[in-house]
Every structure is written in C-alpha cells, then in structure tokens.
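**Student:** Provided herewith is a single structure, encoded as structure tokens, for subsequent inquiry.
The values are calculated or read from the model by the stated rules, or taken from the named source; none is laboratory data. Here the structure is a predicted model, which is why all the values come from computation and not from measurement. When we count neighbours, we look across all protein chains shown, and the Cβ atoms used for this are built from the backbone with ideal geometry, even at glycine. The protein model used for the area step is the full one, side chains on, heavy atoms only, and it has no ligands, DNA or RNA in it. Shrake-Rupley method; radii C 1.70, N 1.55, O 1.52, S 1.80 Å.
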Amino acid sequence: MYRGTKDIMLPTTITGSLPRPSWYTENLGTRMFLDAMVSRRYREQYVDTVSCYLRDQELAGLDICTDGDCRFDDDVGGQSWTSYPPHHMTGYERGDPRPTPAGRGGLWFPRGHILHDYLESRVMPVIIGPVGRGDLQYTTLWKTAQRLTTRPVKFGAVSAEIVAFASQDKYYKSVPERMLGIADAFNEEYHELADAGCPVIQIEEPQIHLAAARNIQDKVITPDLMVEVFNRTVKGLRAKTEVWAHSCWGNPSQQRMFAKVQSYKPSLETYTRVDADVITFESSSSGGIDLEAIGKTITGMKIAIGVIDHHTLQVESPDEVAAQIRAALKYIPPERLVISSDCGMGREGMSRRHAYYKMVSLVLGTNMVRKELGFPEAECLAADERYSLVVPAK
C-alpha cells in the first residue's frame, strides 16, 4: 500500500541513521525504551536529538523522514543496529553475552583493519529458547518521532537473517529455523507498528545480494531461503502500510565492506520475489553501474536509488545528484523512482554538518530534475539566500 510515496513525484528520503550529537551522552543499553524515558536526562537528550534530526530533514526539504536511528547507542561501528533486537527480545540469555564467532555471516577482517574492531564489538546475548518480540517497542519509538513532525516518518530496522547470523544459539536445531523464528517475532511487532499508523516500514539488509557476494550460499543458505525469511517478516503488512526492502553493501564506521565495487545483477531476479512496495539500491558509490539492469528487471514495484555516498565526507553537488537521477530515468519511469541516500550516515565517522549538507544537495539536485520534468519542487529552506549571514558584495 503506497502511503509514504503516494502522489509525490521523485519523493526524497534518506536511509536510517544520522550522526549522533556530541551532547547526546546517554545510552539506552539494555533498558526498555519506556523505562529509559522515565529518566529526565535520557528523555531530554533523546527527544531533543530526534527533534534535531527531524528539523534538519525538514530544512533540507526531504519528503519522508526518519528518526535517525536515535535509539542506538554510542558504540563501535554502529553495532546497535544489529544488537538492539537481541537485547530486547525474549528467548535470549542476557546475563551471558558472547562474541559472534569469526566469519559468521561471511564477515571477516584481520587485526590491523578498522573493521576488526567492529567484529570484536559484536557481543550478543545467546539464544536459549523460542525467540519472541519481547520489548522491542518499535511502535513507541516511531510515535516519539512522528508526533514531532507532520511529514511521514519511515521506521527501519535490521533484518531477521542478520540477527540470526550474529547470534549464538543453544535452542534452534538449524539456521533456517532460527531465521524464521526471528522473522515471525518481527512480523508480530511490525503489525502493531502498522496498526498504529506508521506510513513506511523498512526492512534493512535482506541478505539476498550479500549472501552471494560473501560466498555463504550452500544447500541450506539459499536465495529461496532469503526470500522466505523476508516475506515471513512482512507477511500481511502491505495491506496496512508501505513496505521497503533496503539493500546496500554495508557501512560500519563509514567503511566499505568489500575491496571492489559489487554488482546487484546476480540477485535482481531474486529481488523481484520479495513482498515489498519499494526496493532500495546503493547506486551512488558504485557509479550507477547497475541502473540499466535494475530498471529492466525490477518492474513490479518502485525503486529507490542512492544518490548520496555515505562513505565519503565530500558533499555531492546538486549537479552531481541531478546527473545520477537523469541516468536512472533512462531505465526507471519517474512515477516509480524514489531518491535516497545509499545507506545511513551515522555509523561512527561522519559529522552532523556533513550529513545535513548531503541531504540538502539531495533535495536541490532532485528539484533540478523535477523542474525539468514539470513536477512540483520541494521547499529547501536550508538553501534560501534571504537568510544568509554573508554580507552581499556592493
């Protein structure tokens, strides 16, 4: 059900996280969100941070906002993206956290590589019983952001298979059983979120493209299983809300996860089988190498392309953004094209100011193409010359 992108031509958004303010010093940790919000200091810092995130997105002129993943802690490489669910779901033994085994999910970096620190920080509770939704409180988190803006707030979270890969398990008899158990728990949580009115739910990082790139496919871990896990996670949701499948190539500590640029081409036919309204593709950092293949293969849903590279501090110019959109429009009709960032910009490495101006350029570049096509442009207060503090030359 198209809600967030309905009736908007070339709608703009970002994916996930934004850089953490220096004054946001409180961590949620293993507390329930509602319990933490009883704390005056945590509540003030959390609400102020979400307010700043939303206001920056409004000033930039984005059509669909996010909460900037404000619930995540100040940790190494943005590890909370993976560890938040295990620390708040049932079925986990929280008193005995264990490091994720080396190479789990195809991830391995040697000591001396910055992402080795990321691997060492993957300390997770152990599964000891059937996994349930527990106290994820996604609905409460979304409401806390949505009540601060009139623009639609998209809620995104990690996929079931990533949590399954990262968890040690003393209960399930197989990896697929573990993945599907987590997917079913997430599905229950997402239905409550959709029933509360969330306009867009984004499942982040289905492993359809990454399993092939990391050579972890075998007789058990197959593309069919990855599709089943995603579709179990979102079962029944599209009747209530807009469902997005976000795919990228990773960004812990703003680092590239692969030495060479990867292609989506081997996974595109599989992506046509996911039960989603929108699929997002990392496009900016790859130079748009897959745009033609994406446009020709993904025909039954909307396509979001990244026009902002989350790995670099260099702010893309509006002209560069517009050029990427024009390249995509050669293969994707404008009514099915969504404009986004490649991935989140808050995984320990980018300043708030860099992220802000990347969002501004995203909207200004989109406005250039909207004007060319005769579509309404978005107001970008951040670029309004009337409010410059620079004294005009005489």
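**Student:** Can you tell which of GLU205, GLU189 is surrounded by 17 or more Cβ atoms within 10 Å (Cβ to Cβ), closer than 30 Å to ASP48 by Cα, in contact with a helix residue (DSSP H, G or I) (Cβ under 7 Å, 6 or more places away or on another chain) and modelled with pLDDT under 95?
**Tutor:** Answer to the selection: GLU205.
**Student:** Among the numbered criteria (1) closer than 24 Å to TYR2 by Cβ; (2) surrounded by 19 or more Cβ atoms within 10 Å (Cβ to Cβ); (3) not charged (D, E, K, R), which one does ALA239 miss?
**Tutor:** (2) is the only condition that ALA239 fails.
**Student:** Could you list all residues from the stretch 69-117 that are in contact with a strand residue (DSSP E or B) (Cβ under 9 Å, 6 or more places away or on another chain) and aromatic (Phe, Trp, Tyr)?
**Tutor:** Matches in the stretch 69-117: TRP81, TYR84, TYR92.
**Student:** When you scan the stretch 249-277, how many residues do you find that are touching a Gly at 6+ places or on another chain (Cβ under 7 Å), on the phi < 0 side of the Ramachandran plot and at pLDDT below 95?
**Tutor:** At the first step, the residues of the stretch 249-277 found to be touching a Gly at 6+ places or on another chain (Cβ under 7 Å) are 251-254, 257, 272.
Then drop every residue that is not on the phi < 0 side of the Ramachandran plot, which leaves 251-252, 257, 272.
Filter once more, so that each one left must be at pLDDT below 95: 251-252, 257.
Counting residues in the stretch 249-277 that are touching a Gly at 6+ places or on another chain (Cβ under 7 Å), on the phi < 0 side of the Ramachandran plot and at pLDDT below 95 gives 3.
**Student:** Of everything in the stretch 30-73, what is among the polar types (S, T, N, Q) and surrounded by fewer than 23 Cβ atoms within 10 Å (Cβ to Cβ)? Give them in sequence order.
**Tutor:** In the first step, residues of the stretch 30-73 are kept if they are among the polar types (S, T, N, Q); the result is 30, 39, 45, 49, 51, 57, 66.
Passing the criteria: THR30, SER39, GLN45, THR49, SER51.
**Student:** Collect the residues in the stretch 118-128 that are open to solvent by 40 Å² or more (accessible area, probe 1.4 Å) and over 22 Å from the mean Cα position of the chain (by Cα), keeping them in residue-number order. Step through it out loud before you land on a result.
**Tutor:** Our first condition is that a residue be open to solvent by 40 Å² or more (accessible area, probe 1.4 Å); within the stretch 118-128, this holds for 120, 123, 128.
Scanning the stretch 118-128 gives GLU120, ILE128.
**Student:** Now for a different question. Would you call ARG256 over 30 Å from ILE114 (Cβ atoms), in contact (Cβ under 8 Å) with a residue 40 or more places away in the chain and either buried (at least 18 other Cβ atoms within 10 Å of the Cβ) or of a type outside the set (Gly, Ala, Ser) (or both)?
**Tutor:** Judged against the criteria, ARG256 is not a match.
**Student:** Determine which single condition ASP224 fails, assuming it passes every other condition in (1) open to solvent by 30 Å² or more (accessible area, probe 1.4 Å); (2) in a helix (DSSP H, G or I); (3) in contact with a strand residue (DSSP E or B) (Cβ under 6 Å, 6 or more places away or on another chain); (4) not small (Gly, Ala, Ser).
**Tutor:** Failed condition: (3).
**Student:** Suppose the filter is surrounded by 12 or more Cβ atoms within 10 Å (Cβ to Cβ) and either at pLDDT 95 or above or touching a Cys at 6+ places or on another chain (Cβ under 8 Å) (or both); does ARG347 pass it?
**Tutor:** On the way: surrounded by 12 or more Cβ atoms within 10 Å (Cβ to Cβ): yes; either at pLDDT 95 or above or touching a Cys at 6+ places or on another chain (Cβ under 8 Å) (or both): no.
Against the criterion (surrounded by 12 or more Cβ atoms within 10 Å (Cβ to Cβ) and either at pLDDT 95 or above or touching a Cys at 6+ places or on another chain (Cβ under 8 Å) (or both)), ARG347 does not qualify.
**Student:** Scan the stretch 88-104 residue by residue and report those that are of a type outside the set (Asp, Glu) and surrounded by fewer than 21 Cβ atoms within 10 Å (Cβ to Cβ).
**Tutor:** Taking the stretch 88-104 and keeping what is of a type outside the set (Asp, Glu), we get 88-92, 94-95, 97-104.
Residues satisfying the conditions are THR90, ARG94, GLY95, PRO97, ARG98, PRO99, THR100, PRO101, ALA102, GLY103, ARG104.
**Student:** For the stretch 111-138, which residues satisfy the criterion of being touching a Pro at 6+ places or on another chain (Cβ under 9 Å) and in a strand (DSSP E or B)?
**Tutor:** VAL123, MET124, PRO125, VAL126, ILE127, VAL131
**Student:** Oh, and also: Before we move on, is TYR92 touching a residue at least 12 places away in the same chain (Cβ under 8 Å) and under 28 Å from ALA213 (Cβ atoms)? Step through it out loud before you land on a result.
**Tutor:** Details: touching a residue at least 12 places away in the same chain (Cβ under 8 Å): yes; under 28 Å from ALA213 (Cβ atoms): no.
Considered against the rule, which asks whether it is touching a residue at least 12 places away in the same chain (Cβ under 8 Å) and under 28 Å from ALA213 (Cβ atoms), TYR92 comes out as no.
**Student:** On to the next question. With open to solvent by 40 Å² or more (accessible area, probe 1.4 Å) and at negative phi as the only criterion, which of LEU337, LEU364 stands out? I'd like the intermediate steps shown before the answer.
**Tutor:** On the way: LEU337 fails: open to solvent by 40 Å² or more (accessible area, probe 1.4 Å).
Going through LEU337, LEU364 in turn, the sole match is LEU364.
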